[in-house]
Amino acid sequence: MIPNQAGVDLNLHILESFAQHVAPALGWRPNTEGPVVGDPVGAPTPGTDEV
């Protein structure tokens, strides 16, 4: 959770630090290729036989 009382500058610093240090370690990547397009509704879940 990000504290509301901390102010904009501190909240921005927290989010930037997370994006630079924690997210890449979790395998997250920045979206530099444009809008993300999801799977169609009802498409099977990858790696399973379920719909």
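Pop a pseudo-label 7 angstrom from the Cα along the beta-carbon direction at both Arg29 and Val8 and give the gap in nm to one decimal.
Result for the modelled spin labels: 3.3 nm.
Please give the FRET efficiency for Val22 paired with Thr45, using the beta carbon to beta carbon distance and R0 = 35 Å, rounded to the nearest 0.05.
0.85
Does anyone have the angle between helix 8-17 and the longest principal axis of the chain? Alpha-carbon axes, 0 to 90°, nearest 10?
Helix 8-17 sits at roughly 50 degrees to that axis.
Got a sec to turn the phi values of segment 31-36 into Karplus ³J(HN,Hα) couplings, 6.51 cos²θ - 1.76 cosθ + 1.60 with θ = phi - 60°, whole Hz, x for Gly and Pro?
Here the 3J(HN,Hα) series is 8, 10, 10, x, x, 8 Hz.
Give the carbon-plus-sulfur fraction of the accessible surface of the chain in %, rounded to a whole number; probe 1.4 Å, heavy atoms of protein chains only.
Its accessible area is 59 percent carbon and sulfur atoms.
Each residue of segment 40-46 in order: what ³J(HN,Hα) in whole Hz does its phi give by Karplus 6.51 cos²θ - 1.76 cosθ + 1.60, θ = phi - 60°, with x for Gly and Pro?
Listing the rounded values in order: x, 4, x, 6, x, 6, x Hz.
The values are calculated or read from the model by the stated rules, or taken from the named source; none is laboratory data. Keep in mind it's a predicted model, so treat the numbers as computed, not measured. Cβ: placed from backbone, ideal geometry, glycine included. Neighbour counts: every protein chain shown. Note: accessible area is taken over every heavy atom of the protein model, side chains too, but ligands, DNA and RNA are not part of it. Shrake-Rupley method; radii C 1.70, N 1.55, O 1.52, S 1.80 Å.
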